[in-house]
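Each remark here refers to the structure printed beneath this line.
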């Protein structure tokens, strides 16, 4: 009998339920060369893992708008990102870049 292959996206969403893993995942996305698009898609994965409908209720943002703003072509305003991250138990921060 053939073994069922794990679904990468489902496995990722399961791992992203762990807040510490989600933070590391988002930090890695921020380090990518194409950071804005990669970060938004990563944040969307974290949001899906936690439940997009629940996140929409907690942020008072429309669920369809959440999907749109957290897409590759999304362009959320900073205040929306702040509200989303806050609902996920996270916050934005700024740090000095390492000197080469």
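Using only helices, what value at 222 nm comes out for the chain when you add -39,500 (n - 2.57) per DSSP H run of length 4 or more and divide by the total residues, to the nearest 500 deg cm²/dmol?
Helix contribution divided over all residues of the chain: -18000 deg cm²/dmol.
Normalised by the number of residues in the stretch 8-87, what is the relative contact order in percent for Cα pairs under 8 Å and 6+ residues apart?
27
All of the numbers you see were taken from the coordinates with simple rules; none came from a lab. For clarity, every value in this text was computed on a predicted model and none was experimentally measured.
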